[in-house]
Amino acid sequence: MLTYLIVFFVGGFICAIGQLLIIKTNITSARILVSFVLVGVFLEAIGVFDKIASVAKAGINVPIIGFGASLTKGAIAGGQAKGILGAFAGGLEAVAGGVVAAVLFAFIFSLIFKPKTKKS
Amino acid sequence: MHYRKRNEMYNQYVNGKIPKTSEWPSLFNSFWVGGLICIIGQGINDIILELMPTLAEQTAWAYTLIILIFIGSFLTGIGVYDRIGKFAGGGSIVPITGFSNSITSPALDFRSEGIVFGMCVKMFSIAGPVIVIGFVASTLVGLLYLII
Amino acid sequence: MDNLLYNQTVFFKNKPRIVGNYSIVGPKEKEGNFGKYFDFAMEDDHFGEDTFEKAERKMIEKALLGAIKKANLKKHDIDLFLAGDLLNQIISSSYAARAFDMPYLGVFGACSTMAESLALGSVFVDGGYFRNVACATVSHFSTAERQFRFPLELGNQRPPTSQWTATASGCSIVSNKGEGPFISSATFGKVTDYGITDVNNMGAVMAPGTMNTMLAVFYDTKTEPSDYDLIVTGDLGKLGSEILIDLMEHHGVKLGKNYCDCGQMMYKIEQQVLMGGSGCGCSASILNSYIINEMKKEKLKKVLFIATGALLSTTASQQGETLPGIAHAVVLEI
């Protein structure tokens, strides 16, 4: 139960920071996503991400920060194991599932559904 | 350059004229919706580990994210995600479901311009930068780790 | 004031008249403040077509046919079709014109297109070159959103200063004979840029251009605000019209209760459109429904109609350019 509470507060807090950025700087959602991915890359690079993730779990894995962290984790691990080629390939390998899933579902659903006009 | 002076004054005046709304309600909404999406993610992860206890933690997370991406994509398709987004703002942009929304929504929109040049080309019109920046930054970090 | 400062107005001697007017709107506009005045409301935004762009084209076609019918004319009576919209290369108007066997001139003035086409149409009719000119514009929320902003299903919030592109179309038939309000003068505006860069604050972009045109109208026609039963601006929205009132007061002109804005009036507050409506169909549909109908009933005798537009392009604004605005005015009398 405590885990879920921590997940809720950490995840909610990260999202609220995103919202604060949107309100204060008027930036678009693409930029929000980019900045949070960079945060993930940075946290992983300095080796802090895993420590946070062991406590916050989904609270930090579900926000796009987790995407940046897995990319970096893959690139570092690949580099250690296979040298330069590993550093190039490792990141994509680590997130391949998610990226391909996003592309595949987008492809399928856009064949099935049609965009609707916003109501408000 | 009295134009520049005039424009500066006008911009200042307009900024003062923009109605100020309190940010607390929208921050609160994005807080609890974002938190809720993370709880759902945690729930999915726990169920996966419950069903397949032998799974490595990393693999379980990968499955969790794929399921969340599916949910985000599906809700986009049936026209619900944009309404959640209108209510929650950052709360539904920052989670991975928002990433999925940003790929599915242009794909849906540009389906009318054809599958190849419409849907496939425009699919990454919003999420593209995320992937590009993510790849570049993470690979640089990976290479940096090789040197040090 | 210097006499040469303003000479942007043409006066019409032969009273070109609006003999036919037709308006068509989407479901959201139907629920708005002017719902009962529009000639036709679509049940859904697709209008039976498979894309929003085709729906937009069908709207302007229907508006043109409706206006011709209301003017008791036939299609071959129309000597010129003057139209514009918001899409790239004004495809809605041009592709609609393809279906009609009439000469066509595409005009673009962003949301100021209705006044621009009316003014040009009056020039042709007043000069005796054409008998009947159809002037029309159209805008569609979903096509504009796709082109200028984000995909429809993207879960983002609209900034508080943004406006809602109206799904609407209006068409007027300007003729050298017949019944209806006549256009006594038209004032062509200058492109005005006060250095605003926020694409979500169109009201602030358009207000200075509107002020320039409005001052020119008052100066050139030697009138003042109280001479008009109604002074209506295109679609500045709530913020934009407040700015305009301030700007005009700064120039010593006080806009009273007879001033209003189509964008601000289009929707009800509970429809959550923030600053109000925009898009060239917004002012076109209100002009071609409420305003002209009230003029025909002589409830409004003299109306100053100023349509306002922000001449933005996504390319230019991504390159960091500031946003220019423009406004054109016509004076309608009965």
Query raised in the report: Would you pick out the residues in segment B:1-36 that are more than 10 Å from chain A (Cβ to nearest Cβ) and among the charged types (D, E, K, R)?
Result: B:Arg4, B:Lys5, B:Arg6, B:Glu8, B:Lys17, B:Lys20
Report task. Please tell me if A:Phe88 is within 7 Å of chain B (Cβ to nearest Cβ) and in contact with a Gly (Cβ under 6 Å, 6 or more places away or on another chain). Result -> no
Report task. Go through segment B:1-20 and give me each residue that's assigned to a loop (DSSP other than H, G, I, E, B) and out of contact with any helix residue (DSSP H, G or I) (no Cβ under 9 Å at 6 or more places or on another chain). Result -> B:Met1, B:Lys20
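Rundown of residues vs (1) out of contact with any Gly (no Cβ under 6 Å at 6 or more places or on another chain); (2) under 24 Å from C:Phe12 (Cα atoms); (3) part of a helix (DSSP H, G or I), yes/no style:
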position: C:Leu73; (1), (2), (3): yes, yes, no
position: C:Met102; (1), (2), (3): yes, no, no
position: C:Leu118; (1), (2), (3): yes, yes, yes
position: C:Phe124; (1), (2), (3): yes, yes, yes
position: C:Cys135; (1), (2), (3): no, yes, no
position: C:Ser142; (1), (2), (3): yes, no, yes
**Report entry** Enumeration of residues in segment B:37-74 that are more than 7 Å from chain A (Cβ to nearest Cβ), under 16 Å from the mean Cα position of the chain (by Cα) and either surrounded by fewer than 23 Cβ atoms within 10 Å (Cβ to Cβ) or not in a helix (DSSP H, G or I) (or both)
**Finding:** B:Ile67, B:Ile71
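Listed here are the residues, each with its yes/no results for (1) within 11 Å of chain C (Cβ to nearest Cβ); (2) among the β-branched types (Val, Ile, Thr).
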| residue | (1), (2) |
| --- | --- |
| B:Gly77 | yes, no |
| B:Lys86 | yes, no |
| B:Ala107 | yes, no |
| B:Phe117 | no, no |
| B:Lys122 | yes, no |
| B:Gly134 | no, no |
| B:Leu143 | no, no |
| B:Ile147 | no, yes |
Query - Unique residue being open to solvent by 20 Å² or more (accessible area, probe 1.4 Å) and more than 14 Å from C:Val303 (Cα to Cα) when the list is C:Lys257, C:Lys268 - result: C:Lys268
**Report entry** Some residue of segment B:117-125 being part of a loop (DSSP other than H, G, I, E, B), open to solvent by less than 20 Å² (accessible area, probe 1.4 Å) and of a type in the set (Gly, Ala, Ser)
**Finding:** no
Report task. Kindly check whether there is at least one residue in segment C:132-143 that is open to solvent by 10 Å² or more (accessible area, probe 1.4 Å), without any contact (Cβ under 8 Å) to a residue 60 or more places away in the chain and outside the structural domain of C:Gly203 (by TED's automatic domain parsing). Result -> no
Report summary line: Of the conditions (1) within 30 Å of C:Asp198 (Cα to Cα); (2) open to solvent by 60 Å² or more (accessible area, probe 1.4 Å); (3) not aromatic (Phe, Trp, Tyr), the single one that A:Ile65 does not satisfy is (2)
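The values are calculated or read from the model by the stated rules, or taken from the named source; none is laboratory data. Keep in mind the model is a prediction, meaning the values are calculated, not measured. Quick reminder, even Gly has a Cβ in these numbers, built from the backbone with ideal geometry, and neighbours come from all protein chains shown. Note: areas computed on protein heavy atoms with side chains; ligands, DNA, RNA excluded. Shrake-Rupley method; radii C 1.70, N 1.55, O 1.52, S 1.80 Å.
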